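Inspection log for the structure reproduced underneath, given as structure tokens.
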Amino acid sequence: MTIIRGVMVIQVLFLFILTARCATEICEDIVNLEGEMLQAFGCPRLHEMKDNKYCCGNKSVSLTCCSNETQSIYYAVKMENLSKPRDSASLIVVSIYGGILVILMALDCVSHFGVWKKRRQKGKTF
């Protein structure tokens, strides 16, 4: 059961990292008109306000962070994806996966407390 606990901890940490980053956009690597390679960065950068979470600008010149979502270079793609019908199969798969995780966590909890209760009755402690 310790392997299952370890896997669950890794999954929770992974979900936490994903939710922490999903409120921002990443400005990808670009080559400007002078031929210089500009590296990718996440919005907002350390020296910018927290509201500047969208990647804006012209890909051929330079990219910067801004607070207006409609100026984002990814805005058109987002609106196109929202207009497409959703696939319910992925929702079903994720729901089944989540249900299995909940069942495994419940079984782990029950088995842990069952072993603890038996050891306590025998006079052993952890």
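The values are calculated or read from the model by the stated rules, or taken from the named source; none is laboratory data. The structure displayed is predicted, hence computed values, not measured ones. When we count neighbours, we look across all protein chains shown, and the Cβ atoms used for this are built from the backbone with ideal geometry, even at glycine. Side chains included, ligands, DNA and RNA excluded: accessible areas come from the protein's heavy atoms. Shrake-Rupley method; radii C 1.70, N 1.55, O 1.52, S 1.80 Å.
Counting only protein chain heavy atoms and rolling a 1.4 Å probe, the accessible areas of 36, 48, 69 rank, largest first, as 36, 69, 48. With all protein chains in place and a 1.4 Å probe, the accessible surface of segment 24-100 carries 59 percent carbon and sulfur. Taking a ≥ b ≥ c as the square roots of the eigenvalues of the Cα gyration tensor of segment 62-119, is the shape rounded (a/c under 1.5), prolate (a/b larger than b/c) or oblate? Cα axes put segment 62-119 in the oblate bin.
Between residue 28 and residue 5, what's the calculated FRET efficiency when r is the beta-carbon distance and R0 is 35 Å? Round to 0.05. It comes to 0.40. Whole-Hz Karplus values for segment 94-103 come out as 5, 5, 5, 4, x, x, 4, 4, 5, 5 Hz, taken residue by residue from phi with 6.51 cos²θ - 1.76 cosθ + 1.60 and θ = phi - 60°; glycine and proline positions read x.
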